[in-house]
1. Given the structure, is TYR138 crowded, with 21+ Cβ neighbours inside 10 Å, out of contact with any helix residue (DSSP H, G or I) (no Cβ under 9 Å at 6 or more places or on another chain) and of a type in the set (Phe, Trp, Tyr)?
2. Considering only residues of region 54-71 that are more than 13 Å from GLY268 (Cα to Cα) and hydrophobic (A, V, I, L, M, F, W, C), which is surrounded by the fewest Cβ atoms within 10 Å (Cβ to Cβ)?
3. Which one is farthest from the chain's Cα centre (by Cα), of the residues in region 98-119 that are under 22 Å from LEU32 (Cα atoms) and part of a loop (DSSP other than H, G, I, E, B)?
4. Which condition number in (1) crowded, with 20+ Cβ neighbours inside 10 Å; (2) in a loop (DSSP other than H, G, I, E, B) is the one that ILE235 fails?
5. Being under 19 Å from GLY220 (Cβ atoms) and either modelled with pLDDT of 95 or more or assigned to a strand (DSSP E or B) (or both) is the filter here; which residues of region 257-284 pass it?
6. Would you point out which residue out of GLN142, GLN184, GLN170 is in a strand (DSSP E or B) and over 19 Å from GLY38 (Cβ atoms)?
7. Considering only region 243-265, state which residues are within 11 Å of GLN233 (Cβ to Cβ) and aliphatic (A, V, I, L, M).
8. Of all residues in region 193-229, count the ones that are under 17 Å from THR260 (Cα atoms), in a helix (DSSP H, G or I) and of a type in the set (A, V, I, L, M).
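The values are calculated or read from the model by the stated rules, or taken from the named source; none is laboratory data. Being a predicted model, the structure only gives us computed values, none of them experimental. Cβ: placed from backbone, ideal geometry, glycine included. Neighbour counts: every protein chain shown.
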Amino acid sequence: MLTRRGLLVTAGSAGLSALMPAAARALDQPTLTFLAVGDWGQPKRLAAASRVAEAMARTAADHSVAFVMSTGDNFYGKGVSDAFDPQWRSSFEDVYAAPSLHCPWYVVLGNHDYQGNPDAEIAYSLISDRWRMPARYYAVRQKVTAGIVADFFYLDTNLFVGAGSPDDPQRQLDWLATVLRASQAPWKIVVGHHPVFSGGRHGNTKELVTALKPLLEQFGVRAYINGHDHDLQHIQVDGVHYFTTGAGAEARPTGQIPQTLFSASALGFLSVSLGAGQGTFQFLGDTNSLLYEAVVYA
């Protein structure tokens, strides 16, 4: 039975219209659209990253994208040295150069970013007109429509898995619980690099299953978006939707777990459009083809 907090899915655009009445679609048109891409800054795979970037640029131009979300591993193989590292130009500025991608980029740190100087990625926010990383973890509120907002919580999941962060993971958890409790937004979306659940190469992250999953459920988070596994996945566990978008430059073989709704070893990115009552989550490939679509209710 489909309820308000249920889900409609399709492996392509055909079929979704049949599942959702036209009147419902007309009353709930999306008004906030963003893209999410991860694990893209790979110097040895610039051609693949550029194809994904071109597809992102077309989607951004067609749908008035408000911002781009980066799910980490922004620079391989060992991050950047400082805010003037040449990789800023070669892996970011030159690849995502299309005018439609000159919008805010909200960024989290991946494990490869920690092999360099993660503070340099915070410092670049002071130089760039689009790179937004005010701290290792932070929250951003976005307007969806009149009277409706979406709250985004960007985490540093490296703290939980011992990837070199000097900070205290409990401090971040306490912060997250505080800001989630205070949020009255119908859309609460949490972003991190490591997956909570995954059928891909890295599998479930047991530290996040233990520490993060209960908070997501307690405070009504609708989606958790991550990278790390170089594939595209949608998994639903106990009412929370988990989207892996880590195929910005490389596609690795992937698999499924019992709660998997979709998985693909394909280059691509996630496009999300949020309305007052429902959101459309689409995985798009490096030719801008629709690979998968899901409708999630707020």
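1. In short, no.
2. ALA61
3. ALA98
4. The number of the failed condition is (2).
5. GLN259, VAL272, LEU274, GLY275, GLN278, GLY279, PHE281
6. Sole residue among the options that is in a strand (DSSP E or B) and over 19 Å from GLY38 (Cβ atoms): GLN142.
7. ALA247, ILE257, LEU261, ALA264
8. 1
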